[in-house]
Amino acid sequence: MGTWGTGPFENDSAADFSNHLDDLDAESRITAIHETLSVAAGENGYLETDSAASAVAAAAVVVAQLPGGRPVSAAYGPELRIPPIPLELRALAMKALDRVVAEDSELADLWADTADARQWRERIAELRRPLEGVP
């Protein structure tokens with residue numbers, strides 16, 4: 001996976017996910033976000049990098065619609081409008097982010113060996129904050 005920064009869209013997997021969203025109709029975008037978050041949140045074994053990075057991007061799309069959430073403005077983020085996110089995706093985004101930083105996540109392992117490990121974890125925590133307290 002090519003990575004050029006610690007942001008949610010600053011890697012090849014996230015850029016591919018964003019492009020995929022832009023290829024879908026509005027209703028299918030919500031379905032794709034749900035499926036991507038579900039894969040990460042539901043993984044009981046080792047969470048692979050591509051799934052984890054895509055889940056971070058999907059969570060960023062969800063968070064962008066919340067009070068206190070950072071808008072998606074990255075060059076590699078989705079360009080098309082995302083319809084209102086259903087409440088259940090907010091809780092799923094939080095579970096997916098928790099899974100991405102867990103011990104058995106390849107993405108967390110890869111970042112742990114870099115000079116930017118702390119910054120990456122802070123970016124994930126920043127994404128998670130607006131989701132706290134969501135039912």
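So which trypsin sites (Lys or Arg not before Pro) in segment 13-91 end up in coil per DSSP with only 16 or fewer other C-beta atoms within 10 Å?
Numbers: sites: ARG29, ARG81, ARG90; in loops: ARG81.
Within segment 13-91, the qualifying trypsin sites (Lys or Arg not before Pro) (loop, at most 16 other Cβ atoms within 10 Å) are ARG81.
Spatially, segment 1-39 and segment 47-122 are offset by 10 Å when compared through their Cα centroids. Take the Cα of ALA75, step 7 Å toward its Cβ, do the same at ASP16, and the gap between the two points is 2.1 nm. So if R0 is 22 Å, what FRET efficiency would SER28 and GLU132 give, r being the distance between their Cβ atoms, rounded to the nearest 0.05? FRET efficiency, SER28 to GLU132: 0.15. With contacts taken as Cα pairs under 8 Å at a separation of at least 6 residues, segment 32-114 carries a relative contact order of 43 percent.
Over the chain, dividing the summed -39,500 (n - 2.57) contributions of all DSSP H runs of at least 4 residues by the number of residues returns a 222 nm mean residue ellipticity of -17500 deg cm²/dmol. Across the chain, where is the longest run that never hits GluC sites (Glu not before Pro) in a DSSP loop with at most 13 other C-beta atoms within 10 Å? Maximal segment without exposed cleavage sites: 1-78.
Using the alpha-carbon atoms, what tilt in degrees (0 to 90, nearest 10) does helix 87-100 show relative to the longest principal axis of the chain? Compared with the principal axis, the helix lies near 10 degrees. Extending 7 Å from Cα along the Cβ direction at GLU88 and again at ASP109 yields two label points whose distance is 3.2 nm. Taking Cα atoms only, the orientation of helix 12-22 departs from the longest principal axis of the chain by about 0 degrees. Taking amide H as placed 1.01 Å from N in the peptide plane, the amide H of SER105 sits under 5 Å from that of LEU47, each at least 5 places away or on another chain.
Can you give me the % of accessible surface on the chain that is carbon or sulfur? Probe 1.4 Å, all protein chains present, nothing else counted. Please report the intermediate quantities before stating the final value.
Values: 3360 of 6990 Å².
Result for the chain: 48 percent of the exposed heavy-atom area is carbon or sulfur.
Between ALA102 and GLN65, full extension at 0.36 nm per residue minus the direct alpha carbon distance yields a gain of 10.8 nm.
So with the 1.4 Å probe, I'd like the accessible area per residue for segment 32-126, rounded to whole Å². Walk me through the numbers before you get to the answer.
Numbers: 4920 Å² over 95 residues.
Value returned for segment 32-126: 52 Å² of accessible area per residue.
In segment 35-127, a dipole from Cβ-located charges (positive for Lys and Arg, negative for Asp and Glu) runs towards its positive end, and of THR36, TRP111, ALA75 it is ALA75 whose Cα lies farthest in that direction.
The values are calculated or read from the model by the stated rules, or taken from the named source; none is laboratory data. Treat the numbers as computed from the prediction; the structure is a model and nothing was measured. Backbone-built Cβ (ideal geometry, glycine too); neighbour counts: all protein chains shown. Heavy atoms of the whole protein, side chains included, go into the accessibility calculation; ligands, DNA and RNA do not. Shrake-Rupley method; radii C 1.70, N 1.55, O 1.52, S 1.80 Å.
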